[in-house]
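To start, the structure itself, in structure tokens.
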Amino acid sequence: MVPRVPENTIPAFQKCLELGVDAIELDLRSTSDRKIIVLHDENVDRTTNGSGPVNALTLAEVKKLNAGDGFSVPTFQEVIGLIKGKDIRLLLDLKEQNLWYRQEIAGLIEKYKISDQVIIGARSLEDVLYFKNMDKRLKILGFIPRVEAANKFINHGANVIRFWPEWVEDDFSVISVCKQSKIPIWTTSGDMDADGISVLLSHGITGFIHDAPEKLMKILAESK
């Protein structure tokens, strides 16, 4: 097995490149000086040796933190530099909901010309509309807040919908709206084992956002 490396760090993304995954999910947040960084939580406490809200810190202050094993919290630009031109995509989980945040991310996508390597992880209809209007070529994944929202996200331009595994397991019929619209369904599958993945595959799930990519790739290879 590939040794685990700290989440949302450059070495973690390098491991994904080495494994040959289709896409890397990363969480985008902003600093107090409006720089876009890669961090999952609102606070830096869990994943670094710092404390407090990330948006209360400048980029320089964030860069002084240890994100695990001595690695720093990367900027979105650093990750772009790592993957640009390679056969991999970035699934951008948009953690914040304001216009300037969207504009900053859109500006970096345009500056580095990576529209074809980006999937926008939209958490609101505003996200979907903003990025669809920015570039019709952008692929949009809807991180829908509840099952009933799938139709609205699809109607506003989402190309993929994310369902939680329990939504599908509790009622297999919930995926019918996506199937009728011929919209692919992905799921956030954590560290799910082969049995769980097999059930989801049998019901039409086509993409898995997984915590252990090597494990997932082995499961999918053996399921063919």
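The values are calculated or read from the model by the stated rules, or taken from the named source; none is laboratory data. This is a predicted model, so every value here is computed, not measured. Note that we place each Cβ from the backbone using ideal geometry, even for glycine, and neighbour counts take in every protein chain shown. Side chains are part of the model used for accessible areas, which takes the heavy atoms of the whole protein and leaves out ligands, DNA and RNA. Shrake-Rupley method; radii C 1.70, N 1.55, O 1.52, S 1.80 Å.
Of the helices (runs of 4 or more DSSP H) entirely within the range 145-184, those holding at least 3 residues that are of a type in the set (D, E, K, R) occupy 165-170. With respect to being of a type in the set (D, E, K, R) and over 19 Å from Leu90 (Cα atoms), Glu214 falls outside the description. When the residues of the range 1-32 are filtered to those that are assigned to a loop (DSSP other than H, G, I, E, B) and of a type in the set (Ser, Thr, Tyr), the one that is most open to solvent (accessible area, probe 1.4 Å) is Ser32. The residues on offer are Ile140, Ile154, Ile161, and the sole one that is touching a residue at least 12 places away in the same chain (Cβ under 8 Å) and open to solvent by 20 Å² or more (accessible area, probe 1.4 Å) is Ile154. Each residue in the range 42-63 was checked for being open to solvent by less than 60 Å² (accessible area, probe 1.4 Å), in a loop (DSSP other than H, G, I, E, B) and free of Cβ contacts under 8 Å to residues at least 40 places away in the same chain, and 6 of them qualify. Being under 17 Å from Ile36 (Cα atoms), part of a loop (DSSP other than H, G, I, E, B) and open to solvent by less than 10 Å² (accessible area, probe 1.4 Å), is that true of even one residue in the range 81-95? No; the residues of the range 81-95 include none that is under 17 Å from Ile36 (Cα atoms), part of a loop (DSSP other than H, G, I, E, B) and open to solvent by less than 10 Å² (accessible area, probe 1.4 Å).
From Ala106, Ala149, which residue is among the small types (Gly, Ala, Ser) and either within 18 Å of the chain's Cα centre (by Cα) or on the phi > 0 side of the Ramachandran plot (or both)?
Checking each option against the conditions leaves just Ala106.
Which one is most open to solvent (accessible area, probe 1.4 Å), of the residues in the range 185-220 that are part of a loop (DSSP other than H, G, I, E, B) and out of contact with any Lys or Arg (no Cβ under 7 Å at 6 or more places or on another chain)? Top of the filtered list is Asp211.
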